[in-house]
Amino acid sequence: MTIPVGLNIWSRLVDKTFPYLDQVASPFDSIWMPDHVQYTSNDVAEGWTLAVWALARYPDKLVGHAVLCNSFRNPAHLAKMAATGQALSRGRVVMGIGAGWNEEEYHAYNWPFLTHRARIEQLAESIQLMRAMWSGHPASFQGKHYRINGAYCEPRPVPLPPVMVGGAGEKYLLRVVAEHADWWNYIYAERESYAQKQVILQEHCAAVGRDYAEIVQAINVGVLVAESERELQKLKERPDVRPPSPGTIVGTAEQVTEQLLAAVAQGAQRIIVNFLDAPRPEGTWLFAAAVMPHLQ
């Protein structure tokens, strides 16, 4: 069985996003957008607008976010947005969502920046509220942070969008994954930390009576790939290539394949990749041709 591979887009590509995707998206099963509104004065594209454009432009792709910031949108409105997207796209929306973290954005846009635990509480309530709106009407929900009363979400989404929760906080966030997520989105760094998070998630699943095996594990990976070590070094020196961060896989096609297969052997069922040299298409083309056929 070939592992589905999705393509994750850097928020700062903005108007370069779709010229890049038009060149490279074909081999990938899904497209994943960011959700940020600012990084100081950098150009940054808004995530839901990107996703709607992608749903219309690439009718054979699943489209989601890796991941939405729960704090940016009223969850009832978000449920309606996703339901509309599901109807227009004939079922290709994935609800990728997380608790939010970039304090700069909250202050700049006047969103309350609550404690880490409170933001995770909000995330858990949002998922429950959205599912209530998607599954029946009139929907009601009463939580600590959110509430609806007699809410209609028609047409309801068919099929229900999978809910993919992003994050790895061991005490609270992975508990939300165990209780509420269909998919778990984890930023993959290396085998040892991934294994540790998996053990913690298994413990949370046991505590809440959830089957750990039914949660789809989708790892997020940064990639810089070249045909040779010499070409790789040249890439690293280019000013238009983002520098590798901890956890980025840097190597030849064979080396990248080996590391991704190790993650698959650990339990990764989906891979979401972003390329440090985007919007330059060559690295993405090389990955699609020389790595993806071996991800089984």
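The values are calculated or read from the model by the stated rules, or taken from the named source; none is laboratory data. Note that the structure is predicted; figures quoted are calculated from it, not measured. Note that each Cβ is placed from the backbone with ideal geometry, even for glycine, and that neighbours are counted across all protein chains shown.
Just for segment 86-112: of the residues that are surrounded by 22 or more Cβ atoms within 10 Å (Cβ to Cβ) and under 18 Å from Y58 (Cα atoms), which one is farthest from the chain's Cα centre (by Cα)? Of everything passing the filter in segment 86-112, Q86 is farthest from the chain's Cα centre (by Cα). Within segment 244-296, if we keep just the residues that are aromatic (F, W, Y) and part of a helix (DSSP H, G or I), the residue that is farthest from V5 (Cα to Cα) turns out to be W285. Of the strands (runs of 3 or more DSSP E) entirely within segment 65-175, those holding at least 2 residues that are of a type in the set (A, V, I, L, M, F, W, C) and free of Cβ contacts under 8 Å to residues at least 24 places away in the same chain occupy 139-142.
Taken residue by residue, segment 226-243 has no member that is within 15 Å of E190 (Cα to Cα) and either part of a strand (DSSP E or B) or in contact (Cβ under 8 Å) with a residue 12 or more places away in the chain (or both).
Which residues, counting only those in segment 148-162, are in contact with a Phe, Trp or Tyr (Cβ under 6 Å, 6 or more places away or on another chain) and either surrounded by fewer than 16 Cβ atoms within 10 Å (Cβ to Cβ) or modelled with pLDDT under 95 (or both)? Scanning segment 148-162 gives no hits.
Restricting attention to segment 18-28, which residues are crowded, with 17+ Cβ neighbours inside 10 Å, touching a residue at least 60 places away in the same chain (Cβ under 8 Å) and part of a helix (DSSP H, G or I)?
If the condition is that a residue be crowded, with 17+ Cβ neighbours inside 10 Å, touching a residue at least 60 places away in the same chain (Cβ under 8 Å) and part of a helix (DSSP H, G or I), then Y20, V24 are the ones that fit.
Going by the conditions given, is A207 surrounded by 16 or more Cβ atoms within 10 Å (Cβ to Cβ) and modelled with pLDDT of 95 or more? No: the conditions fail for A207. Quick one: would you say I31 is in contact with a His (Cβ under 9 Å, 6 or more places away or on another chain) and either in contact (Cβ under 8 Å) with a residue 24 or more places away in the chain or assigned to a strand (DSSP E or B) (or both)? So I31 does not fit the description; no.
Restricting to segment 34-54, name every residue that is in a helix (DSSP H, G or I) and either surrounded by fewer than 21 Cβ atoms within 10 Å (Cβ to Cβ) or modelled with pLDDT under 95 (or both). Correct list: W48, T49, V52, W53. Of all residues in segment 55-64, exactly one satisfies the criterion of being in contact with a strand residue (DSSP E or B) (Cβ under 6 Å, 6 or more places away or on another chain) and assigned to a helix (DSSP H, G or I), namely L55.
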